[in-house]
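Step one of this worksheet: look at the structure below.
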Amino acid sequence: SVHRLELENDIWFGSFETWEGEENAIVDQYYDLVTGLPVELRLIWDRALKRVFDFGYESGDTPGSFQSQLSQKSISKLKELRVSVTITISPANT
């Protein structure tokens, strides 16, 4: 779904979300979407100044550790799409 799409100072900003829960499935979903774009839309993607995949998590209320792992296949797909990756951890009670 489109989270944000707006024009600021002649530059378009877009932010999109998925309800997919697993990181590698998210990468697969967006990879299929981007590589399936019509040529004219793919050119817009390729000319973007910045392409970031932001994986967001809520931190939870209990102590302990959490691990999230991207497969080598997913990393290759992200490289092919020329994206950077950000990890965002938010407090659970916001």
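The values are calculated or read from the model by the stated rules, or taken from the named source; none is laboratory data. Since the model is a prediction, treat every value here as computed from it, not as a measurement. In this analysis, Cβ positions are derived from the backbone assuming ideal geometry, glycine residues included, and neighbour counts consider all displayed protein chains. Just so you know, the surface numbers come from the protein's heavy atoms only, side chains and all, with ligands and any DNA or RNA stripped out. Shrake-Rupley method; radii C 1.70, N 1.55, O 1.52, S 1.80 Å.
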Open item on the list: I'd like the accessible area for L7: 1.4 Å probe, protein heavy atoms, all chains in place, Å² to the nearest 10.
Closed with: 90 Å²
Open item on the list: Using the Karplus curve 6.51 cos²θ - 1.76 cosθ + 1.60 with θ = phi - 60°, what ³J(HN,Hα) values do you get for each residue of the range 27-43, in whole Hz, with x for Gly and Pro?
Closed with: 4, 4, 4, 5, 4, 4, 5, 5, 6, x, 5, x, 3, 5, 7, 5, 4
Task: Virtual spin-label span in nm between T18 and S68, 7 Å along Cα→Cβ - done: 1.3 nm
Task: For the range 26-85: span of alpha carbons on each principal axis (Å, largest first) - done: 48, 22, 16
TODO: Would you grab the residues whose amide H sits under 5 Å from the one on L70? Only those 5+ places off in sequence or on another chain, please, with H modelled 1.01 Å from N.
DONE: none
